[in-house]
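The values are calculated or read from the model by the stated rules, or taken from the named source; none is laboratory data. Fair warning: this is a prediction, and the values are worked out from it, not measured in the lab. Cβ sites come from the backbone with ideal geometry, for glycine too, and all protein chains shown count toward neighbours.
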Amino acid sequence: MSSRENSDLQKSVALPLASALVCLIVYASLYPFADWRDQGISPLTYLTAPWPQYLVGFDVAVNVAGYAPLGFLLTLAFVRSGRTAWALTLAVLVAAALSLCMETLQSYLPSRIPSNVDLALNTLGAWLGACTAWALEKLGVVGGWSRFRARWFAPDARGALALLLLWPVALLFPAPVPMGLGQVFERLETALADALADTPFIDWLPLRDIELQPLVPGVELVCVALGALIPCLLGYGVIRTARQRALFSLVMLAVGVGVSALSAVLSYGPEHAWAWLDAPVRAGLGLAAVVALLLLPLSRRAAAAFALLALAAHLSLLNQAPASAYFAQTLQTWEQGRFIRFHGVVQWLGWLWPYAALLYLLARLSESTDATHQ
């Protein structure tokens, strides 16, 4: 194996995942980003406030669990970058510094309350995650993953793996069409019209004369099939053999169905877990499975090209559909009580994931073209 391949293999997916998680934590900590104000006191006053007599179990679990993955991923990233001796300490310090910044900024948000308890629990969570990563590294589990990754994936698979790991999270927020991520046209149009209202520029905005109509069953079927096929093709672009691709596609389809059912449970209750799985959706998932199997022999570059085409077609079809008829009910469910911290995060992931995948695929195909001409 060449020195360049060795170097590429050391590019862990932990760093891009940790970066994405930091963005999600910032969003969840500062949501809804409105009505900033100065209280006239030090924003660090909360550090010396007395601890509450009672703690809510859910809040404790959320604060610990929210930072545990960050400590885990940062530790792995530091280990893979060669800072093995200080990996655990650095990971906890970085996570604690992030929590300190978030709690301090909450002092300027009327809807958020900074808490020294939250800071302590966040740091504890990061420490637990870091200790878990450190233990797995010492037990050889991380090395086993590295060997598994070397057998299954190309050396430059880091970006694709990060996207694939974020895909199930993006599916948690209910979409207008199952497996449909990236429906932003209607919201962008409305937001732009509101921003340009009462200005001369509103006349420049091309507005639709008719309302968007729900997709007919045949178009919905194709949209579901493309949405389920995109992560499979994304994986084909970095997976080595046809047999591995076949297993991978079956796993991704199963994950997509399972997460969609979980989303329905969280939004509408357990009795509606499978209400979304109607005939067009089942047919679309079956079509995706068949096409995924037929495309197993593709080269990695061809798989990336097909994924790009599937993304473009999927986004075009999906953005012709209106927001879900149950969208208002979903907002009430997710924005009240325990879901308020997660509503915006998963919704933004659902909106932005396909466009991040689009940029990744364009960059990957551009690099392949450049390498061919050299």
**OP:** Would you mind finding the one in LEU171, LEU109 that is closer than 26 Å to ALA313 by Cα and at pLDDT 80 or above?
**Re:** LEU171
Original post:
Any chance segment 135-148 includes a residue that's in contact (Cβ under 8 Å) with a residue 24 or more places away in the chain and within 30 Å of SER299 (Cα to Cα)?
Top reply: yes
Original post:
Out of all the residues in segment 323-346, is one or more closer than 22 Å to PRO176 by Cβ, surrounded by fewer than 20 Cβ atoms within 10 Å (Cβ to Cβ), modelled with pLDDT under 80 and in contact with a His (Cβ under 6 Å, 6 or more places away or on another chain)?
Top reply: yes
**OP:** Considering every residue within segment 88-95, establish whether at least one is closer than 22 Å to LEU166 by Cβ, in a loop (DSSP other than H, G, I, E, B) and small (Gly, Ala, Ser).
**Re:** no
**OP:** Could you look through segment 27-65, keep only residues that are β-branched (Val, Ile, Thr) and touching a Leu at 6+ places or on another chain (Cβ under 8 Å), and pick out the one that is surrounded by the most Cβ atoms within 10 Å (Cβ to Cβ)?
**Re:** VAL64
Original post:
In segment 253-295, what count of residues is obtained for those that are part of a loop (DSSP other than H, G, I, E, B) and more than 26 Å from LEU163 (Cβ to Cβ)?
Top reply: 5
